[in-house]
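The values are calculated or read from the model by the stated rules, or taken from the named source; none is laboratory data. Bear in mind the structure is a predicted one, so any value in this text is a computation, not a measurement. With ideal geometry, Cβ positions are generated from the backbone for all residues, glycine too; neighbour counts draw on all protein chains shown.
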Amino acid sequence: MNADFEELYQQVILDHSKRPRNFGTLEGPAVHVDGDNPSCGDEIHLHVRFGTEGQVEDLRFTGVGCAISQASASLMTLKLKGKSKQEARELLEAFTDVVTLGEHEAPKMLGDLRLLSGVRKFPQRVKCAMLAWRAFEQAMQEASTGPVSTEKSAPHCS
């Protein structure tokens, strides 16, 4: 990682962890998923309101955790709000591939989320970065099939 990238990474992560966007709960009907990372104590409580076509109308989160988990959740909510079900699924898959596989350069569609690509070098940090995304994945499943387990480990992160 070059020095400019590291500086930008630190600035964005610290900004989103100290001043998370879309922090709070949603009023009215919404899917609520609780996610936790028992290995480090991170917790995410995600509230998602889906539209009639499955689009992400609104989403918010609360929780506690390290800078990476909070920043990832904040960046995720900014990126997913207003997306169609298909767009949301594509973003989820792209982010998962970038932080777990690292086989290719992060796609531009991820925007600032690309800055989290470096966590793949640190398996424990991958779990932190993926926590909110796993909760969102579960919220999408719950919205279409009913409740699912909140325990799902990130691939390649044993």
Q: Select from segment 139-158 the residues that are of a type outside the set (Asp, Glu), modelled with pLDDT of 85 or more and more than 20 Å from Leu78 (Cβ to Cβ) and list them in ascending order.
A: Gln141
Q) For segment 100-138, which residues satisfy the criterion of being more than 20 Å from Pro20 (Cα to Cα), among the aliphatic types (A, V, I, L, M) and touching a residue at least 40 places away in the same chain (Cβ under 8 Å)? A) Leu101
Q: Output yes when any residue across segment 53-76 is within 14 Å of the chain's Cα centre (by Cα), assigned to a loop (DSSP other than H, G, I, E, B) and either surrounded by 13 or more Cβ atoms within 10 Å (Cβ to Cβ) or in contact (Cβ under 8 Å) with a residue 40 or more places away in the chain (or both), and no when none is.
A: yes
**Q.** Some residue of segment 103-114 being under 17 Å from Gln70 (Cα atoms), crowded, with 19+ Cβ neighbours inside 10 Å and in contact with a strand residue (DSSP E or B) (Cβ under 6 Å, 6 or more places away or on another chain)
**A.** no
Q | Neighbours by Cβ (under 6 Å, 6+ apart or cross-chain): first from segment 37-48, touching a residue at least 12 places away in the same chain (Cβ under 8 Å) and more than 11 Å from Leu59 (Cα to Cα); second surrounded by fewer than 20 Cβ atoms within 10 Å (Cβ to Cβ) and aliphatic (A, V, I, L, M) | A | Glu43/Val64
